[in-house]
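Asker: Dumping the structure here so I can ask a few things about it.
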Amino acid sequence: MDTNQYLEIFIDETKEHIQTLNDQLLIIENEPENKDCINEIFRAAHSLKGMAGTMGYKRMQRLTHDMENIFSEIRNDKMKVTASLVDVLFQSLDAIEGYLANIMESTDEGTDDNEPIIQELNKIMKEGLGGSAEDSSSPKPAEKSVCAVSSDGKFVEKYSQIKIDDSEASVFEEAKNKGMNIFGITVYVQETCILKAARAFLVFKALEEFGEIMNSTPSPQDIEDEKFNYDFSLFLITTESLDKIMESIKSVSEIETALAESYDEILAKKQTEPKEEKTIKEETQETTVSKTNDTAAVKAAENKPTAVQNNKPAAKSAAKVGNRTVRVDIEKLDSLMNQVSELIIAKNSLVSISQTANESGVAINGLHDQIEYLERITTNLHESVMKVRMVPIESVVNKFPRMIRDLQKKLGKEMNLYMTGEDTELDRSVIDEIGDPLMHLLRNSADHGLEANDVRAQRGKPEAGSIYLDAYQDGNNVVIEVRDDGNGIDVDAVKNKAIERGTITPEQGATMSDKDIIDLLFLPSFSTAKKISDVSGRGVGLDVVKSKIEALGGDVEVKSTLGEGSRWIVRLPLTLAIIQALMVEVGTEKYAISLGSIVTIEDIPIEDIKHVESREVIHLRGLVIPIIRMKQVLDIEENEDDESMVVVIVKKGDKQVGLVVDNLIGQQEIVIKSLGKYITNNKIISGATILGDGEVALIVDVNTLI
């Protein structure tokens, strides 16, 4: 058995428990008597301890065990939650996240014991319990009845029932002659254990470090397949003492008890108590029957998977509905997406063939019906795959309340974070990348945006600043806004800093608009902070925001009013793989424009074009909209003989622009293909797609044109 097969599950569930602890600790900091939170923290710490023990991560197990101990006492009203305890618990959580980061990188938890945190936890526990002697040292792992002698009858030394053949007896004799120890061991797993095979494996793994395991009953394969009751027996040849071996078994979670004796003692018992042999044989037969029944029970259980699966969610929370989600490797989803992409390309080819056949006057019976059917199937399949890939943004933003809490203490500012739209969904590939940009925007609001408490009081503002994070869907985009009620951006200060750094000249600064000056904040290494700290001042942050969001096909916009606050608006595409697009012609080439960016399409007479500040504009339904001639942008020779022009009105936020194209081809579902790393000199083009006739069409990124 290999614990690596459980590693992905361990990582996912550990993340969930860490987030639960984060959320509940934030609540309990303000509501120290909240019993529901105390119970939830205890359960999460207990689960983390058990999972870490199962995987063999002793340091994580020890730390979570100490957290569990403290909340066990709090649950029993022997201790109270204090501000200092919450601070140390957050440090513990950071340490656990450090272990998890190491595990994700190398499958090993690292070598940091986090002894100062453990000592602080024990100190708080000792003080909370009134300094009793039993708490003066680090809490020991939960007691398990591990003994080297037979128990009172509930547990049986089944190692004495193992049949030793002549070859094994000679191996034992040879080991004894070499001065080695031989122990018979029976281990009982707790009946409440869910992964009993995993616990057994950990015992085997621990014992293999001491020597050679002989004659396991049941066999290792049966144990791995969970075809055993809650006990197993074996012989171990080793040079180590029995106490050390028992200690290693003791370190494994959810072991009920372990019995052990030396091989000589077992032989002596059999010689002095010959009548027991019959009983032992009978018990051996009963054990065989029991094993057969257990195997039958396992097969019967396999025929009722629902009952087995429902046990686990019920253990987590009686109020929760049975788990209806399945974890799927993102690579499998990517593979499925690629197959859907090929299917859509094949559908587009059929549509193209059908159109060609119609134009040539060839009738193909039933082809149109089949194409329509295929189109419905591919569209439904595409929508289903998209839904599978969609993840609530909650998985990213739920870590931010803890970050704001830490910044509040570090910066000495009172602040509150308000979040809405956490259930808004984004493509998984976007979710994985959006965390860092949002973190930087929130840190920027906390440090640069919000004023100090005394300044806010002088301005008549509430002492506690407010930071808002709102997410909502807007067409084919998701919009995430980060805003605050702080000072806003001082445009003059930004301009002076840029002139001081030599980024712009005084003459350039005099002609720049407020928006252009604010955009300077996105330059690498640009910062208006007066001193460098571990929160800000190095100019690393907003440039990361801009580059990451643009790499995802999105954009970021800033609106600010001095003295009132700032608003950072991030727009992201729902998905990065397949989109509905309008196909157009510019010159002799075909281009795709995302349907989500299009407001309307107009046929505008040439004489309706006006000029405002040397830009061509049109007046449309009360709006003055600038137009962009795509032939000029794409460096294609223009034809001035046309009496009218086709204008595709596109938008970004509340801004609109008209794109002048030659012809409209129609709406089509397209698969976005990357241009690769070698074509990066033109930001207007965001990718390419393969049309039904095999021709390649480029995809226009309208965000760069507005």
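Asker: Out of I601, I517, I579, report the one residue that is closer than 23 Å to D484 by Cα and either outside any helix (DSSP H, G or I) or modelled with pLDDT of 85 or more (or both). Before the answer, list the steps.
Answerer: On the way: I601 fails: closer than 23 Å to D484 by Cα; I579 fails: closer than 23 Å to D484 by Cα.
Testing whether each residue is closer than 23 Å to D484 by Cα and either outside any helix (DSSP H, G or I) or modelled with pLDDT of 85 or more (or both) leaves just I517.
Asker: Give segment 436-479 a look and list any residue that's touching a Lys or Arg at 6+ places or on another chain (Cβ under 8 Å) and more than 17 Å from E564 (Cα to Cα), or say none. Quick ask: steps written out before the conclusion?
Answerer: Applying the first criterion (touching a Lys or Arg at 6+ places or on another chain (Cβ under 8 Å)) to segment 436-479 yields 436-437, 445-446, 450-453, 462-463, 465, 467-468, 470, 474, 477-479.
Result: D436, P437, D470, D474, N477, V478, V479.
Asker: Condition first: touching a strand residue (DSSP E or B) at 6+ places or on another chain (Cβ under 6 Å) and either assigned to a helix (DSSP H, G or I) or on the phi < 0 side of the Ramachandran plot (or both). Now tell me which residues in segment 553-569 satisfy that.
Answerer: Filtering segment 553-569 down to residues touching a strand residue (DSSP E or B) at 6+ places or on another chain (Cβ under 6 Å) leaves 553-560, 565-569.
Within segment 553-569, G554, D555, V556, E557, V558, K559, S560, S566, R567, W568, I569 meet the criteria.
Asker: What about L441, is it out of contact with any Pro (no Cβ under 6 Å at 6 or more places or on another chain), modelled with pLDDT of 85 or more and either buried (at least 19 other Cβ atoms within 10 Å of the Cβ) or not in a helix (DSSP H, G or I) (or both)? Before you say what the answer is, go through the steps one by one.
Answerer: Values: out of contact with any Pro (no Cβ under 6 Å at 6 or more places or on another chain): yes; modelled with pLDDT of 85 or more: yes; either buried (at least 19 other Cβ atoms within 10 Å of the Cβ) or not in a helix (DSSP H, G or I) (or both): yes.
Yes; evaluated as a whole, the condition is true for this residue.
Asker: Just give me the residues in segment 401-421 being closer than 11 Å to L469 by Cα and surrounded by 15 or more Cβ atoms within 10 Å (Cβ to Cβ), in sequence order.
Answerer: P401, L417, M419, G421, listed by residue number.
Asker: Tell me which of these G211 doesn't satisfy, since it passes every other one: (1) surrounded by 17 or more Cβ atoms within 10 Å (Cβ to Cβ); (2) in contact (Cβ under 8 Å) with a residue 60 or more places away in the chain.
Answerer: (2)
Asker: From the list A45, A52, exactly one residue is buried (at least 22 other Cβ atoms within 10 Å of the Cβ), among the aliphatic types (A, V, I, L, M) and at pLDDT 85 or above. Which is it?
Answerer: Values: A52 fails: at pLDDT 85 or above.
Of A45, A52, the one residue that is buried (at least 22 other Cβ atoms within 10 Å of the Cβ), among the aliphatic types (A, V, I, L, M) and at pLDDT 85 or above is A45.
Asker: Further question on the same structure: Go through (1) more than 19 Å from A45 (Cα to Cα); (2) surrounded by 15 or more Cβ atoms within 10 Å (Cβ to Cβ); (3) at pLDDT 85 or above for D135 and report which single condition fails.
Answerer: Against the list (1) more than 19 Å from A45 (Cα to Cα); (2) surrounded by 15 or more Cβ atoms within 10 Å (Cβ to Cβ); (3) at pLDDT 85 or above, D135 comes up short only on (3).
Asker: Kindly indicate which of T257, T186 is assigned to a strand (DSSP E or B), modelled with pLDDT of 85 or more and crowded, with 22+ Cβ neighbours inside 10 Å. If you could, list the steps in order and put the result at the bottom.
Answerer: Details: T257 fails: crowded, with 22+ Cβ neighbours inside 10 Å.
Being assigned to a strand (DSSP E or B), modelled with pLDDT of 85 or more and crowded, with 22+ Cβ neighbours inside 10 Å holds for just one of T257, T186, which is T186.
Asker: Then there is this: Among the numbered criteria (1) part of a strand (DSSP E or B); (2) among the charged types (D, E, K, R); (3) touching a residue at least 60 places away in the same chain (Cβ under 8 Å), which one does D470 miss?
Answerer: (3)
Asker: Then there is this: If the requirement is being surrounded by 13 or more Cβ atoms within 10 Å (Cβ to Cβ) and not in a strand (DSSP E or B), which of these qualifies: K590, K631, K651? Can you show your working first?
Answerer: Numbers: K590 fails: not in a strand (DSSP E or B); K651 fails: not in a strand (DSSP E or B).
Exactly one residue qualifies, and that residue is K631.
Asker: Scanning segment 537-566 for residues that are exposed (fewer than 14 other Cβ atoms within 10 Å of the Cβ) and modelled with pLDDT under 85, which turns out nearest to L411 (Cα to Cα)?
Answerer: Per the criteria, the residue is R538.
Asker: Residues in segment 76-117 that are free of Cβ contacts under 8 Å to residues at least 40 places away in the same chain and touching a Phe, Trp or Tyr at 6+ places or on another chain (Cβ under 9 Å): how many?
Answerer: Residues flagged as free of Cβ contacts under 8 Å to residues at least 40 places away in the same chain and touching a Phe, Trp or Tyr at 6+ places or on another chain (Cβ under 9 Å) within segment 76-117 amount to 1.
Asker: Could you tell me whether T14 is at pLDDT 85 or above and either in the same structural domain as A198 (by TED's automatic domain parsing) or assigned to a helix (DSSP H, G or I) (or both)? Spell out how you get there, then give the answer.
Answerer: Numbers: at pLDDT 85 or above: yes; either in the same structural domain as A198 (by TED's automatic domain parsing) or assigned to a helix (DSSP H, G or I) (or both): yes.
Here the answer is yes, as T14 does meet what is asked.
Asker: Something else now. Search segment 12-31 for residues that are over 15 Å from M51 (Cα atoms) and without any contact (Cβ under 8 Å) to a residue 60 or more places away in the chain and pair each with any residue that is polar (S, T, N, Q) and not in a helix (DSSP H, G or I) when their beta-carbon atoms are under 6 Å apart and the residues are at least 6 apart or on different chains.
Answerer: I28/N34
Asker: Which one of I431, I489 is in contact with a strand residue (DSSP E or B) (Cβ under 6 Å, 6 or more places away or on another chain), more than 14 Å from L562 (Cα to Cα), in the same structural domain as P524 (by TED's automatic domain parsing) and of a type outside the set (D, E, K, R)?
Answerer: Values: I489 fails: more than 14 Å from L562 (Cα to Cα).
Only one candidate passes the filter, namely I431.
Asker: Continuing with this model, one more query. Considering each residue of segment 445-471, count those that are crowded, with 23+ Cβ neighbours inside 10 Å and in contact with a Leu (Cβ under 8 Å, 6 or more places away or on another chain), and give that number.
Answerer: So the count comes out to 4.
Asker: Right, here's the next one. In this structure, does I404 turn out to be over 30 Å from A452 (Cβ atoms), part of a helix (DSSP H, G or I), at pLDDT 80 or above and touching a strand residue (DSSP E or B) at 6+ places or on another chain (Cβ under 8 Å)?
Answerer: Details: over 30 Å from A452 (Cβ atoms): no; part of a helix (DSSP H, G or I): yes; at pLDDT 80 or above: yes; touching a strand residue (DSSP E or B) at 6+ places or on another chain (Cβ under 8 Å): yes.
So I404 fails the test.
Asker: Does D23 count as part of a helix (DSSP H, G or I), outside the structural domain of K409 (by TED's automatic domain parsing), surrounded by 17 or more Cβ atoms within 10 Å (Cβ to Cβ) and of a type in the set (D, E, K, R)? Lay out the reasoning, then the answer.
Answerer: On the way: part of a helix (DSSP H, G or I): yes; outside the structural domain of K409 (by TED's automatic domain parsing): yes; surrounded by 17 or more Cβ atoms within 10 Å (Cβ to Cβ): yes; of a type in the set (D, E, K, R): yes.
Spelling it out, D23 is indeed part of a helix (DSSP H, G or I), outside the structural domain of K409 (by TED's automatic domain parsing), surrounded by 17 or more Cβ atoms within 10 Å (Cβ to Cβ) and of a type in the set (D, E, K, R).
Asker: Looking only at segment 358-365, decide whether some residue is at pLDDT 75 or above, surrounded by 11 or more Cβ atoms within 10 Å (Cβ to Cβ), over 30 Å from F10 (Cα atoms) and polar (S, T, N, Q).
Answerer: The initial filter retains those residues of segment 358-365 that are at pLDDT 75 or above, namely none.
No, segment 358-365 contains no residue that is at pLDDT 75 or above, surrounded by 11 or more Cβ atoms within 10 Å (Cβ to Cβ), over 30 Å from F10 (Cα atoms) and polar (S, T, N, Q).
Asker: Name, by its number, the condition in (1) part of a strand (DSSP E or B); (2) within 44 Å of the chain's Cα centre (by Cα) that does not hold for H619.
Answerer: So the condition that H619 fails would be (2).
Asker: Within segment 472-481, work out how many residues are surrounded by 17 or more Cβ atoms within 10 Å (Cβ to Cβ) and among the polar types (S, T, N, Q).
Answerer: 1
Asker: Looking at this structure, is D654 on the phi > 0 side of the Ramachandran plot and either in contact with a Lys or Arg (Cβ under 7 Å, 6 or more places away or on another chain) or of a type in the set (D, E, K, R) (or both)? Before the answer, list the steps.
Answerer: On the way: on the phi > 0 side of the Ramachandran plot: no; either in contact with a Lys or Arg (Cβ under 7 Å, 6 or more places away or on another chain) or of a type in the set (D, E, K, R) (or both): yes.
In short, no.
The values are calculated or read from the model by the stated rules, or taken from the named source; none is laboratory data. No experiment lies behind these values; they were computed from the predicted model shown. Virtual Cβ from ideal backbone geometry, glycine too; neighbours counted across all protein chains shown.
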